[in-house]
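Inspection log for the structure reproduced underneath, given as structure tokens.
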Amino acid sequence: MRYILRLFLSTFLFISCSISYADTSKSQVGSFLELKNIVLEINEPQATLVVMDDDDTLTMMRCLNDVEPSSCQYLGGPAWYEWQSGLLGSKSFYRVAKDQDELLKISALLFAMNKMDYTEDDIGSILNRLSDSGVRLLVETARSGSNLSATEMQLDDLKVPGSSYGSFLDMIRSNSLFMRAMNSPSLPSPFTPCDIPGSREVSYQQGVMYVAGQNKGIMLICLLSYYENDNSGNTSLPIKNIVFIDDTQKNVDDVYNAFKNSTRYQVKALHYTALDSHKQALTKPGKEGEMLQNKAKERWDAIHSTLSKQLLSPATGKK
């Protein structure tokens, strides 16, 4: 099986680099309504896959007021994680972890403790309308498999108004890449993606791919190779068009570069910019940024203090 998958991937890449190219592009959008219009313009719903990042694209830490950064919880979110990564090795008053390993543990803990909100109130209904037309849906998150339970809990807590689905997770797993061998939108996980040497293990469960911080373009190609191999000969399940959306430009670039020479797939890689100002506020110079950083530190110190008092050996240790 591994030999077949390696051969499939090699053939995919060879063909993609040797024949005329499909239409692959990248651009930016400020809402999921724009994404919906792009998908509708393609006008091939049953041959289209919408691939979505999770954190700060589909979901976000809660904000009590959409226009006031001071009402938002930054602790545990992507902007907070990036900020803390830059503090590793420093003597900063704000640093919460001594190294990357401890920061990952803290991040996993915070994910497990938090519910998430949609970044836009109408995301569920927009994606439901697309799935009703035949579009398939996939969540590709930078989170690792260690965050699987927390992620499923968060997605299962989100509702899809006006639909028969019990939750957002239910909608995703009902409309994602279905693996006939598993009789589900999942693969035995964790697994080494396409047997790439040196790569970290990934997971694909219930329509969500956990790529553990790796290149989302390469990881998507790997998942599609599994899917194509699993469904070989089943002409009723083609994927010809991919619309990818992510709030991080690097991930958009990685997907674009991975598919730009593809003859099999038409890919539109979209940079989602709706939360740009929200994310930048945390590290903005001046009183506003300092206030948000202080609030994030106060929240973490309160959590860490409680863990230290109540648990004999908390996973986060001392700084």
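Please work out which residue is surrounded by the most Cβ atoms within 10 Å (Cβ to Cβ), limiting yourself to the range 262-319 and to residues that are over 28 Å from the mean Cα position of the chain (by Cα) and among the hydroxyl-bearing types (Ser, Thr, Tyr). Among those residues, the one meeting the criterion is SER308. In the set LYS297, LYS268, only one residue is modelled with pLDDT of 95 or more, charged (D, E, K, R) and touching a strand residue (DSSP E or B) at 6+ places or on another chain (Cβ under 9 Å); that residue is LYS268.
Filter the range 111-121 down to residues that are among the charged types (D, E, K, R) and in contact (Cβ under 8 Å) with a residue 40 or more places away in the chain and give me whichever is surrounded by the most Cβ atoms within 10 Å (Cβ to Cβ).
Residues of the range 111-121 that are among the charged types (D, E, K, R), as a first pass: 115, 117, 120-121.
From what's left, in contact (Cβ under 8 Å) with a residue 40 or more places away in the chain: 115, 117, 120.
Details: LYS115: 12, ASP117: 16, GLU120: 18.
Residue satisfying both the conditions and the ranking: GLU120.
For the range 36-51, name all the residues that are in a strand (DSSP E or B) and either farther than 28 Å from GLY213 by Cα or touching an Asp or Glu at 6+ places or on another chain (Cβ under 7 Å) (or both).
Residues of the range 36-51 in a strand (DSSP E or B): 48-51.
Within the range 36-51, just VAL51 meets the criteria.
Being hydroxyl-bearing (Ser, Thr, Tyr) and in a strand (DSSP E or B) is the filter here, so list the residues in the range 265-289 that pass it. Within the range 265-289, TYR272 is the sole residue that qualifies. From the list LYS260, LYS287, LYS240, the lone residue that is touching a helix residue (DSSP H, G or I) at 6+ places or on another chain (Cβ under 6 Å) and either basic (Lys, Arg) or not assigned by TED's automatic domain parsing to the domain that holds VAL39 (or both) is LYS240. One residue stands out among those in the range 214-260 that are free of Cβ contacts under 8 Å to residues at least 12 places away in the same chain and in a loop (DSSP other than H, G, I, E, B): the one that is surrounded by the fewest Cβ atoms within 10 Å (Cβ to Cβ), which is GLY233.
Matching residues to (1) within 25 Å of PHE244 (Cα to Cα); (2) surrounded by 22 or more Cβ atoms within 10 Å (Cβ to Cβ); (3) touching a Ser or Thr at 6+ places or on another chain (Cβ under 6 Å); (4) in the same structural domain as GLY207 (by TED's automatic domain parsing):
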{"site": "LEU33", "(1), (2), (3), (4)": "yes, no, no, yes"}
{"site": "PRO45", "(1), (2), (3), (4)": "yes, no, yes, yes"}
{"site": "GLU82", "(1), (2), (3), (4)": "yes, no, no, no"}
{"site": "LYS91", "(1), (2), (3), (4)": "no, no, no, no"}
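Give the residues of the range 41-61 that are more than 16 Å from the chain's Cα centre (by Cα) and in contact (Cβ under 8 Å) with a residue 12 or more places away in the chain, sorted by residue number.
At the first step, the residues of the range 41-61 found to be more than 16 Å from the chain's Cα centre (by Cα) are 41-48.
Once the filter is applied, which keeps residues that are more than 16 Å from the chain's Cα centre (by Cα) and in contact (Cβ under 8 Å) with a residue 12 or more places away in the chain, the range 41-61 yields ILE42, GLU44, PRO45, GLN46, ALA47, THR48.
Restricting attention to the range 62-103, the residues being part of a helix (DSSP H, G or I) and free of Cβ contacts under 8 Å to residues at least 24 places away in the same chain number 9. Taken together, the criteria exclude SER71 from residues that are at pLDDT 95 or above and of a type in the set (S, T, N, Q). Scanning the range 265-288 for residues that are over 30 Å from ASN43 (Cα atoms) and among the aliphatic types (A, V, I, L, M) turns up at least one hit. Here the range 193-234 is the region considered, the condition is being hydroxyl-bearing (Ser, Thr, Tyr) and at pLDDT 95 or above, and the residue that is farthest from ARG180 (Cα to Cα) is TYR210. Residue count for the range 5-64, restricted to those that are at pLDDT below 90 and charged (D, E, K, R): 2.
The values are calculated or read from the model by the stated rules, or taken from the named source; none is laboratory data. None of the values given here were measured: they were computed from a predicted structure. Glycine gets a Cβ as well: all are built from the backbone with ideal geometry, and neighbour counts include every protein chain shown.
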